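The values are calculated or read from the model by the stated rules, or taken from the named source; none is laboratory data. Bear in mind the structure is a predicted one, so any value in this text is a computation, not a measurement. Reconstructed Cβ throughout: ideal geometry from the backbone, glycine too, with neighbour counts over all protein chains shown.
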Amino acid sequence: MTKQCKNSVVILSPISAQMSQQKTAFQTRKVFMLLCLVIICAMTSLKAQSQASLNVPRLTLQECVRIAREESPLGVAARRDYESALFDYRAFEASMLPQFSLNGTAPNFIQSINPITQPDGTVQFLPQSQMLSNLSLTVSQRVPFSGGDIFVSSGLNRIDLLGDRPTALWQSVPFQIGLRQPVFQFNQYAFEQQSRALQRTIAERQYIETLENLSMSITNAFFDAYIAGLNLENAAANSAINDTLYQLSKGRFEVGKISENELLQSELAVMNARVNIARAELTFKRAQYSLQIALGRTPEEKCFLVPPVQLPKVSVIPERARAQALANRSEAVGFDNRRLIASRTLEQARLNNGFNATLSASLGFNQTNNDLPLAYQNLLSQSRANLTFQLPILQWGLGTSQIESAKANESQVEQRIIADGLNIGQEAYFQAAELLLLEQQVVLSAKADTIGQKRFDVAKNRYIIGKIALNDFFIGQNDKDQALQNYLQTLRNYWLAYYRLRRLTLFDFERNLRLIVP
């Protein structure tokens, strides 16, 4: 058996070539068996992980969203904000009901020199020491349709004159009814009723929007953890395969089947795969911690994430999404409140620069006596009436300028509402169109992922039997990894678009219902 070299070309004898082929075939079978062992180990590892996952909570995306809404710090904070607005509105509603109050002063001691009218009509300044006490029960009621107030009261006053001859005097007001009514003035009560009702609705819609924003945030955290877990598994599988193929490449290099550059390329792929595993482990741990914190749990808690591959059956039409956004969004309800405030400003400007008056009147009974029981006998009528008015005569254009400013502000508010309404409708319209497009892309990317995996398996087997070069194998591996990443990213984009559409419309197109406060 001889070996000759000429022009840097190695020429093997037939016997040597036959032995080399047998050695290569043996190494190929060896590597193939090693790959089968790697696959069996991988399947065993996956089975062990599946068994281990039975001992930890299995969380779907929808379950994570529910937990975040109900238990996470952000979900609880959003609920407290809504409850604050709700109780504020209930307090206003209570203020519009009859208000009972008990008022009194006991005692009120006064010692001073006061002007005292004498029987002959003269006035003398005399020192006095007296103590005043009073007690009254009042029922008051606002009148929203007129902007006035009415009240019914009953009271008792006592004056104690202190000194050498102390005396006490009682004054009773057993019954008194009165009112205060603005005339040609702005009705603050009616405006406040409308504005508070709108603010309560806005707070309700904002709470729902906050929950949907939280759903999108949790969706991102969920997919970060889920994709990180798959990347870790994929990096481990790639490392095992690359390490096995590196052993095959070393055997082929020894018999001169591949160049040293191809061997070094295989060795570099093995080292890169090991680096990728370390990076994937750190990314996976960070993503899991972030998800647990977002759910309001301790970072050490573990969970098994169930992939949301089953898409919801959503029947959405972009035009309908636009209509729901304009009907349900908090900004849309805020349009009515902005119009109300602008009209109030204009009405106030008009009424404040014209004739306005305030009527105050009361009617009742009273009596006074040194003896308390006698202070409630032989009651005398008590009545009061008062009308104050204001009529601007010369304002040097102040009133006209205020009215024109309010008109300009009302027009500006209306134009901004029109522009904001168009933006809200357009945003919901294209979000619905994007969701429909992503639904198709999820199907296509899932199929591309399957094809990429099959193509990689073919490339792996062909490289083992020496039908393709190492570069072709790495191209198939990269294409497989890229197809997986594209599928996962498309799936993430779909669920983000799903929850974003709910946020933009406050409507559940899956159940065909408007979103309401839980």
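What are the pairs, 6+ residues apart or on separate chains, where a residue within region 386-409 that is within 13 Å of ASN353 (Cα to Cα) has its Cβ under 6 Å from a residue that is not in a helix (DSSP H, G or I)?
Going by the 6 Å Cβ cut-off, the qualifying pairs are PHE389/ALA357; GLN390/ASN356; LEU391/PHE355; PRO392/ASN353; GLY399/ASN353.
Taking the criterion of being more than 25 Å from MET216 (Cα to Cα), in a helix (DSSP H, G or I), among the hydrophobic types (A, V, I, L, M, F, W, C) and not assigned by TED's automatic domain parsing to the domain that holds ARG69, would at least one residue in region 474-481 satisfy it? Give the derivation first.
Within region 474-481, the subset more than 25 Å from MET216 (Cα to Cα) is 474-481.
Now drop any that are not in a helix (DSSP H, G or I), which leaves 474-481.
Among the residues that remain, those that are also among the hydrophobic types (A, V, I, L, M, F, W, C) are: 474-475.
Okay, now just the ones that are also not assigned by TED's automatic domain parsing to the domain that holds ARG69, so 474-475.
There is at least one residue in region 474-481 that is more than 25 Å from MET216 (Cα to Cα), in a helix (DSSP H, G or I), among the hydrophobic types (A, V, I, L, M, F, W, C) and not assigned by TED's automatic domain parsing to the domain that holds ARG69.
Whether any residue in region 424-436 is closer than 30 Å to GLN171 by Cβ and either acidic (Asp, Glu) or outside any strand (DSSP E or B) (or both) is what I want to check. Give the derivation first.
Kept after step one, since they are closer than 30 Å to GLN171 by Cβ, are these residues of region 424-436: none.
The answer is no; no qualifying residue exists.
Pairs, please: C-beta under 7 Å, at least 6 apart or cross-chain, first residue at pLDDT 80 or above and in region 456-474, second among the hydroxyl-bearing types (Ser, Thr, Tyr)?
As it stands, the answer is ILE464/THR28; ILE465/THR28; PHE473/TYR463, since those pairs meet every condition given.
May I ask you to verify whether ARG165 is surrounded by 18 or more Cβ atoms within 10 Å (Cβ to Cβ) and not aromatic (Phe, Trp, Tyr)? Even if it seems obvious, please write down each step before you answer.
Values: surrounded by 18 or more Cβ atoms within 10 Å (Cβ to Cβ): no; not aromatic (Phe, Trp, Tyr): yes.
When the stated conditions are applied, ARG165 does not pass them.
Conditions first: (1) surrounded by 17 or more Cβ atoms within 10 Å (Cβ to Cβ); (2) aromatic (Phe, Trp, Tyr); (3) assigned to a strand (DSSP E or B). PHE389 passes all but one, so which condition is the exception?
(1)
Surrounded by fewer than 17 Cβ atoms within 10 Å (Cβ to Cβ), at pLDDT below 95 and in a loop (DSSP other than H, G, I, E, B) - does that describe any residue in region 281-293?
No, region 281-293 has no match at all.
Would it be correct to say that ASP243 is at pLDDT 90 or above and of a type in the set (Asp, Glu)? It would help to see each step written out before you state the result.
Numbers: at pLDDT 90 or above: no; of a type in the set (Asp, Glu): yes.
No, not satisfied.
Where residues in region 334-386 are of a type in the set (Asp, Glu) and in a helix (DSSP H, G or I), which of them is nearest to ILE150 (Cα to Cα)? Spell out the reasoning first.
Looking only at region 334-386, we keep the residues that are of a type in the set (Asp, Glu), and these are 336, 347, 371.
If we keep only those that are in a helix (DSSP H, G or I) too, we end up with 336, 347.
Numbers: ASP336: 31, GLU347: 24 Å.
Going through the qualifying residues, I end up with GLU347.
Being more than 30 Å from ILE516 (Cβ to Cβ), at pLDDT 90 or above, assigned by TED's automatic domain parsing to the domain that holds ASN512 and out of contact with any Pro (no Cβ under 6 Å at 6 or more places or on another chain), is that true of even one residue in region 334-346?
Of region 334-346, the ones more than 30 Å from ILE516 (Cβ to Cβ) are 345-346.
This time we only want the ones that are at pLDDT 90 or above, so: 345-346.
Adding the requirement that they be assigned by TED's automatic domain parsing to the domain that holds ASN512 leaves 345-346.
After this cut, where a residue has to be out of contact with any Pro (no Cβ under 6 Å at 6 or more places or on another chain) as well, the list is 345-346.
Yes, region 334-346 contains a residue that is more than 30 Å from ILE516 (Cβ to Cβ), at pLDDT 90 or above, assigned by TED's automatic domain parsing to the domain that holds ASN512 and out of contact with any Pro (no Cβ under 6 Å at 6 or more places or on another chain).
Hey, among the residues in region 58-101 that are in contact (Cβ under 8 Å) with a residue 60 or more places away in the chain and small (Gly, Ala, Ser), which one's farthest from ILE218 (Cα to Cα)?
Looking at the filtered set, the residue picked out is ALA85.
Among the residues of region 344-394, which ones are under 21 Å from GLN171 (Cβ atoms), in contact with a helix residue (DSSP H, G or I) (Cβ under 8 Å, 6 or more places away or on another chain) and not hydroxyl-bearing (Ser, Thr, Tyr)?
Once the filter is applied, which keeps residues that are under 21 Å from GLN171 (Cβ atoms), in contact with a helix residue (DSSP H, G or I) (Cβ under 8 Å, 6 or more places away or on another chain) and not hydroxyl-bearing (Ser, Thr, Tyr), region 344-394 yields GLN367, ASN369.
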